[in-house]
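J.: Got a structure for you, questions after.
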Amino acid sequence: MRDDGFTAVEWSLGIGLIVLPLLMVVTTLAPWFERGSMGRVMATETARQIVLSDNWADGAARGEAMAAQIAANHGFGSADWNCGPDCLSMTVLSVDSAGTPALLLGRGYEVTVTVNVPLPAISIPFIGDVLSISWPTSHTERVDDFRSFP
């Protein structure tokens, strides 16, 4: 009994069922690590800009500008990444006379920045990203205990 032609069938099934799904997994993993690293750097540098500034408003503006610059360096526009509603949050240790937390920077305060970075769920070569999920990354930076303010 001769089995002519089975090699072509096995070859095409091997390519279609093993190699292509494996290629999709490999091409999807690289953007996950790249964008996860971008989110960590974005959160770290934004928190650092806030901590090193003289007041909260100036620090928030400098932090958002730094985050936008990092996103642009990775090929994202400002609409492609989401800072989220609680992106620039701070552990507040002081309360003003009305009883509301004061957004002041003081010695020993902690600034926590959370950034939501879009990750591709599936990345198909030569086509692009099919689905996207959001990956939150946060970083907490402490204002130096011996820092001088103007």
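Read-outs throughout are calculated quantities, based only on the coordinates presented, and are distinct from any laboratory measurement. Quantities reported herein were computed from a predicted structural model and do not represent experimental measurements. Reconstructed Cβ throughout: ideal geometry from the backbone, glycine too, with neighbour counts over all protein chains shown.
J.: Where the centroid of each part is defined by its Cα atoms, how far is the range 19-40 from the range 127-150 in Å?
T.: The range 19-40 and the range 127-150 have Cα centres spaced 21 Å from each other.
J.: Further question: Residue separation times 0.36 nm, minus the C-alpha to C-alpha distance between I124 and M24: what's the value?
T.: This chain segment gains 35.4 nm when fully extended.
J.: Sort 62-70, 113-121 by the packing proxy (mean of other Cβ within 10 Å over each peptide's residues), most packed first.
T.: Ranking, from highest mean packing down: 113-121, 62-70.
J.: For an R0 of 30 angstrom, estimate the FRET efficiency from the Cβ-Cβ distance between A57 and S132 and round to the nearest 0.05.
T.: Efficiency, rounded to the nearest 0.05: 0.40.
J.: Can you work out the Karplus-derived ³J(HN,Hα) for every residue in the range 131-138? Use 6.51 cos²θ - 1.76 cosθ + 1.60 with θ = phi - 60°, whole Hz, and x for glycine or proline.
T.: Each residue of the range 131-138 in turn: 10, 9, 10, 9, 10, x, 10, 10 Hz.
J.: Let me ask something additional. Applying the Karplus parametrisation 6.51 cos²θ - 1.76 cosθ + 1.60 with θ = phi - 60° to the phi angles of the range 71-76, what ³J(HN,Hα) value in whole Hz is obtained for each residue in order, glycine and proline being reported as x?
T.: 5, 5, 5, 9, x, 9
J.: Can you give the extra length, in nm with one decimal, that the chain gains between R147 and I15 once fully stretched, where that is 0.36 nm per residue apart less the Cα-Cα distance?
T.: 41.3 nm
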